[in-house]
């Protein structure tokens, strides 16, 4: 039976986009948590980490309430783009982001907290702004850990199943990711297709984890 490779390419596309968004948002959150003291700081950290421990069905329900067609965000999206957000590949990106962002934030926060503060203090005494300090001092010193965290976030995005199924659905050729395709193949008794997709995903995940280990600071 010929194998449809669309789910794999879609999963890679979703993982790339969600990892890029996670980097843009997660680095800012991680930097704030690592370098600022404010009220309810640990509560914010707990909220960011929460998706890692909640069941996928709970997360999927929250997303359906948040971005569904009846929600303010869902209505705004449909007004701007002319189509609903749910049951599209973009909803799969949101689902993957929900699981990859906490992983990236936790790893990036640890990386920022491990930076030698003497370099940052020296930059401040030389008149560097916080923005310049982040890009020219803190981020270069923590870049290996950040790249490793991004690789792990990519791998996590690649394998999301439960939340993706609830908010993006299982539409072949449109929203069916590789994890959902494997589930479908097993349910349909297509062992050869399931084994092939499982092997490919396992190899990709192994390569990503090897890259993450190589990028981790010694």
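Residue 56 falls short on exactly one of the conditions (1) closer than 27 Å to residue 171 by Cβ; (2) loosely packed, with under 14 Cβ neighbours inside 10 Å, and that condition is (2).
With respect to (1) closer than 20 Å to residue 171 by Cα; (2) at pLDDT below 90; (3) out of contact with any helix residue (DSSP H, G or I) (no Cβ under 9 Å at 6 or more places or on another chain), the lone exception for residue 69 is condition (3). For residue 189, the conditions (1) modelled with pLDDT under 90; (2) touching a helix residue (DSSP H, G or I) at 6+ places or on another chain (Cβ under 9 Å) all hold with the exception of (2). Please indicate, with yes or no, whether at least one residue in region 78-90 is out of contact with any helix residue (DSSP H, G or I) (no Cβ under 8 Å at 6 or more places or on another chain), touching a residue at least 24 places away in the same chain (Cβ under 8 Å) and surrounded by 18 or more Cβ atoms within 10 Å (Cβ to Cβ). Scanning region 78-90, I find at least one residue that is out of contact with any helix residue (DSSP H, G or I) (no Cβ under 8 Å at 6 or more places or on another chain), touching a residue at least 24 places away in the same chain (Cβ under 8 Å) and surrounded by 18 or more Cβ atoms within 10 Å (Cβ to Cβ), so the answer is yes.
Counting only helices (runs of 4 or more DSSP H) that sit completely within region 44-135, those holding 3 or more residues that are more than 22 Å from residue 21 (Cα to Cα) and more than 17 Å from the chain's Cα centre (by Cα) correspond to 117-125. Look at region 199-218: where a residue is part of a helix (DSSP H, G or I) and a partner is surrounded by 15 or more Cβ atoms within 10 Å (Cβ to Cβ) and modelled with pLDDT under 85, sitting 6+ places away or on another chain with Cβ atoms under 9 Å, you get 201/159; 205/159. Within region 39-52, at least one residue is modelled with pLDDT under 90 and under 27 Å from residue 176 (Cβ atoms). If the condition is being modelled with pLDDT of 85 or more and closer than 16 Å to residue 24 by Cα, then region 112-133 contributes only 112. Each residue in region 29-70 was checked for being free of Cβ contacts under 8 Å to residues at least 12 places away in the same chain and farther than 19 Å from residue 104 by Cβ, and 10 pass. For region 162-177, the criterion of a residue being more than 13 Å from residue 89 (Cα to Cα), surrounded by fewer than 19 Cβ atoms within 10 Å (Cβ to Cβ) and more than 21 Å from the chain's Cα centre (by Cα) is satisfied by no position.
The values are calculated or read from the model by the stated rules, or taken from the named source; none is laboratory data. Note that the structure is a prediction, hence the values are computed from the model and not measured. Don't worry about glycine lacking a Cβ; one is built from the backbone with ideal geometry, like all the others, and counts go over all protein chains shown.
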